[in-house]
Structures are given as C-alpha cells and as structure tokens.
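The values are calculated or read from the model by the stated rules, or taken from the named source; none is laboratory data. Treat the numbers as computed from the prediction; the structure is a model and nothing was measured. Every residue, glycine as well, gets a Cβ built from its backbone with ideal geometry; the counts of neighbours run over all protein chains shown. Note: accessible area is taken over every heavy atom of the protein model, side chains too, but ligands, DNA and RNA are not part of it. Shrake-Rupley method; radii C 1.70, N 1.55, O 1.52, S 1.80 Å.
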Amino acid sequence: MRILVTGGAGYIGSHTVLSLQQAGHEVVVIDNLVNSSAESLRRVAELSGTPAVFHRADLVDESAVDAVFAGHAIDAVIHFAGLKAVGESVREPLHYYYNNLVGTLNLLRVMDRRGVRSIVFSSSATVYGEHNPVPYLEKMEIGANNPYGRTKEQVEDILADLGAADSRWQIALLRYFNPVGAHPSGRIGEDPQGVPNNLVPFIAQVAVGRREKLMVFGGDYDTPDGTCQRDYIHVVDLADGHVAALDHITGRPGVYRWNLGSGKGSSVLEVLRAFEKAAGKRIPYEITGRRSGDLPAFWADASSALADLSWSTTRTVDQMCEDHWRWQKNNPQGY
Ligand code: NAD
Ligand code: UFG
C-alpha cells in the first residue's frame with residue numbers, strides 16, 4: 001500500500017517509516033519539522049534502500065494537506081504529527097489544542113473528501129488518567145488530566161464519532177505506553193530539543209556527558225523501590241505494532257483500540273541500572289521531590305493486541321537501553 005505518515009520525521013514516525021518500507025509499503029511523509037530534522041528520513045532511506053517521499057508541510061494548513069493527497073494515491077494514513085510535551089501543554093494550552101486538534105481535523109476532512117478512510121492514530125496511555133486501576137484495559141473509561149492528554153482523548157472521540165457515522169472508516173486508536181530505545185543500527189533515534197522531559201533521553205544525555213546527573217523525581221512512592229513504575233516499550237516493537245494494526249484494519253471497517261505496551265512495569269531505578277549496564281559506566285543521580293502530575297505506577301494489559309494483531313513486545317529493557325545508548329554514543333548531539 002501507499003501510506004501517508006504524518007510526523008514521519010519524528011522519533012516514532014521515523015522508525016515506523018522504516019518498518020513500513022521493510023514490510024513492502026511505499027511511504028509519503030508530511031512533517032513541518034517543528035520537533036524533528038529531515039536528516040532522520042535521509043538515514044531511514046540509507047537503512048531501507050528506498051527514500052520516502054517527503055513534503056514539508058503543516059497540518060494546520062488544509063490546502064497544503066490537500067495538495068499532498070492530490071499528488072499521491074494514498075491508501076491509508078498513520079497519524080503521528082502532534083505536539084507532545086505535557087508540561088508545555090499546561091503552559092500553552094491554546095497552542096496544543098490548535099496544533100493537535102485543527103491539524104487532525106484538516107487531515108480527516110481531506111481524507112474524507114478524497115475517499116481515504118483508513119487511519120492509525122497515535123494515542124497515549126495518558127488518556128487513562130488518574131482513576132483507573134492497573135493494568136490498563138482498553139475498555140476502561142478514559143479521562144486525561146492535562147491538556148496534551150485531552151487532545152489525545154478528544155481526537156479519539158472525534159474518530160469514534162466518525163466511525164459511528166460512516167461505516168466505511170477503518171480506524172485504529174493505538175495507546176502507547178513509554179517508548180524508548182532506538183534502531184539497533186544506531187543511525188536513528190530520539191533527538192529531543194532542549195532539556196529532555198523523558199527519563200531515558202535524560203539518562204542518555206548524562207551518560208554521554210551533556211548533563212551532570214539525573215534527578216529522580218520522587219523516591220517515596222508506594223512501589224517496591226519507592227520510584228515510579230512505567231511500561232517501557234522498544235520503539236522498534238512499537239513501530240512494528242503500527243504495521244500490524246494497519247494490516248488488521250485494512251478491509252475491516254470499525255473503530256479499534258489497542259494498548260501497545262509490554263504489560264510489565266519497571267521502576268526509574270531499574271531503568272537507570274539497565275542503562276548503566278549498557279553504557280558500562282556509573283550514572284550520577286539524586287533523588288529529589290515528586291514531579292507534579294506523575295502517577296506512582298502504571299502498565300498495559302497488552303492482551304488485546306496479542307489476540308487481535310498477533311503482536312507483542314519482543315525486546316527487553318536491557319535491549320532498549322543498549323540500543324538507546326548506541327544511538328546516543330554515536331550521535332552525541334543528535335542529528
Ligand atoms: P516527535 O515530536 O518526535 O514527532 C512528532 C512529529 O510531528 C515531529 O516530527 C513534528 O515535527 C511533527 N509535527 C508536529 N506538529 C505538526 C504539524 N502541525 N504539522 C506537521 N507536522 C507536525 O514525537 P514522537 O515521540 O515521535 O511522537 C509521535 C506521536 O506519538 C505524537 O502524536 C505523540 O503525542 C504520540 N505519543 C508519543 C509518546 C512518547 O512518549 N514519545 C507517548 C504516547 C504518544
Ligand atoms: N523521571 C525522572 N527524572 C527525569 C524524567 C523522568 O525521575 O528527568 C521519572 C518520572 O517521574 C516518571 C518516569 O521517570 O516516574 C517516566 O517519566 P517520563 O517523563 O519518561 O514518562 P511519563 O510516564 O511521565 O510520560 C510519557 C510521555 C507521555 C505519555 C506517557 C504515556 O511523556 O507523553 O509516557 O505513558 F503520555
């Protein structure tokens with residue numbers, strides 16, 4: 001198939017472009033490069049042997065999106081493009097709602113007009129909010145507790161309404177847990193701008209000497225070692241999950257929701273130790289106060305994706321850290 005990947009120059013998008021190409025699909029990318037570099041796509045081409053077609057365009061510009069569809073016979077869309085920093089979304093809610101909602105609405109309107117009614121959407125475990133018990137199941141009531149998470153929830157609602165109104169739509173809502181790691185080649189990986197918000201990119205920058213030490217946000221949670229537990233998923237497993245979801249929905253109209261996670265929690269200190277082992281060095285850290293909004297522990301119930309997609313994670317936290325470290329060591333300043 002010919003797949004349009006929005007946000008394809010970004011972290012998860014670039015790994016997914018590679019997985020799609022390796023599965024035999026043709027790929028067209030739209031990205032405005034607000035949080036990425038076109039170098040990622042050059043390197044994906046180097047790994048796959050086939051360049052993806054790249055359009056630098058902003059989804060909030062509907063005519064630019066339409067022009068891309070006019071130029072290519074697109075069969076399906078994987079929609080990654082969006083802003084994703086929780087803290088920034090609290091400070092700049094209008095910017096987040098505008099980018100993530102208007103961008104998605106433009107995309108869906110163009111798709112509908114042009115008869116492309118197959119979409120895989122990047123949702124997030126953050127939609128489960130604060131009130132659900134772990135492990136999280138797709139059928140639970142959702143309710144995010146920050147503007148970023150609410151944009152994900154709202155797009156899920158829009159897509160569910162669309163699927164209910166028009167039975168031709170094939171829609172997958174993928175709720176990612178915590179993606180980390182990099183392609184094992186060390187050529188592509190996560191390249192955060194400024195101070196990393198997320199744990200593993202921060203640890204990696206300490207390991208490579210760009211930052212002095214890791215601040216562990218809270219050591220007094222009611223968890224086995226006092227630090228928060230999350231469900232880390234290797235980005236290549238996550239990318240392959242998109243290919244599996246796309247295969248499943250093709251020819252099967254409906255609205256599907258799948259958790260993409262390992263089903264297992266790891267603590268901040270466990271991840272730190274795994275990274276130390278991968279990098280072969282001590283990583284200085286200090287336990288500080290809790291970060292506002294953090295939940296003590298959550299992980300996926302990953303059984304639906306296994307049952308429906310025959311997909312499950314295959315890579316361990318050790319492999320995530322080894323691959324993340326190879327990328328960081330070979331590209332100390334990112335792209
Ligand atoms: P990323 O920032 O690396 O990738 C997002 C890409 O979208 C970037 O390349 C950015 O330039 C592009 N983009 C943003 N707004 C755009 C717009 N208006 N028009 C065109 N391009 C635009 O982030 P990522 O980690 O690869 O995340 C991909 C998706 O997965 C996002 O929707 C994110 O919210 C979601 N997600 C990520 C995580 C995570 O921890 N990384 C977890 C759950 C869900
Ligand atoms: N942490 C630290 N120090 C840091 C960074 C993080 O101790 O410098 C801790 C956090 O307190 C948390 C854990 O490491 O306990 C993981 O934090 P991340 O920021 O890496 O990940 P979150 O679980 O907070 O959130 C991530 C994404 C969200 C997404 C969510 C889905 O940032 O966008 O996973 O599960 F929605």
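Using a cutoff of 8 angstrom between alpha carbon atoms and counting only pairs six or more residues apart, the relative contact order for the chain works out to 19 percent.
At full extension, Ser63 and Asp161 could sit 32.9 nm farther apart than now, given 0.36 nm per residue minus the alpha carbon distance.
For the chain, what is the calculated [θ] at 222 nm in deg cm²/dmol (nearest 500), taking -39500 (n - 2.57) for each run of four or more DSSP H residues and dividing by its residue count? So the calculated ellipticity at 222 nm is -11500 deg cm²/dmol. Between the beta carbons of Asp308 and His131, assuming R0 = 25 Å, the FRET efficiency works out to 0.45 to the nearest 0.05. In this calculation the C-beta distance from Lys277 to Leu94 is compared with R0 = 56 Å, giving a FRET efficiency of 0.80. For the chain, with all protein chains in place and a probe radius of 1.4 Å, 49% of the accessible heavy-atom surface sits on carbon or sulfur. Please identify which residues in the range 181-202 have an amide N closer than 16 Å to a label point set 7 Å out from the Cα of Asn330, following the Cα→Cβ vector. What the label zone holds, given the 16 Å backbone N cut-off, is 181-191. A straight Cα-to-Cα reach below 13 Å connects Lys277 with the aspartates and glutamates Asp318, Glu322, Asp323, residues fewer than 8 places away in its own chain not being considered. Each of Glu270 and Ser48 was given a label point 7 Å from its Cα along the Cα-to-Cβ line. The distance between the two points is 3.4 nm. The relative contact order of the range 60-161, computed from alpha carbon pairs under 8 Å that lie at least 6 residues apart in sequence, is 34 percent. Here the range 279-299 and the range 201-272 have alpha carbon centers that stand 13 Å from each other.
Subtracting the Cα-Cα distance of Ser185 and Leu33 from 0.36 nm times their residue separation leaves 52.4 nm of extension gain. For the chain, compute Rg over Rh where Rg is the Cα radius of gyration and Rh is the Kirkwood radius from the inverse mean 1/r over Cα pairs. Answer for the chain: 0.95.
With both bridge residues required to lie in the chain, what share of the DSSP beta bridges run antiparallel, to the nearest 5%?
So the antiparallel bridges in the chain amount to around 5 percent.
With the alpha-carbon atoms of the range 286-335 aligned to their principal axes, the span from lowest to highest coordinate is 40, 32, 20 Å, starting with the largest.
Here the Gaussian network model covers the chain, with springs between Cα atoms less than 10 Å apart; of Ser310, Ser40, Ser123, Ser310 fluctuates the most. Annotation: aspartates and glutamates with alpha-carbon distance below 12 angstrom to Lys139 (same-chain offsets under eight excluded): Asp301. Counted without the sites themselves, the longest stretch of the chain free of trypsin sites (Lys or Arg not before Pro) in a DSSP loop having at most 15 other beta carbon atoms within 10 Å is 1-113. Here the calculated FRET efficiency for Asn145 and Asp222, from their Cβ-Cβ distance with R0 = 30 Å, stands at 0.95, rounded to the nearest 0.05. Summed over the residues of the chain and divided among them, the accessible surface reaches 41 Å² per residue at a probe radius of 1.4 Å.
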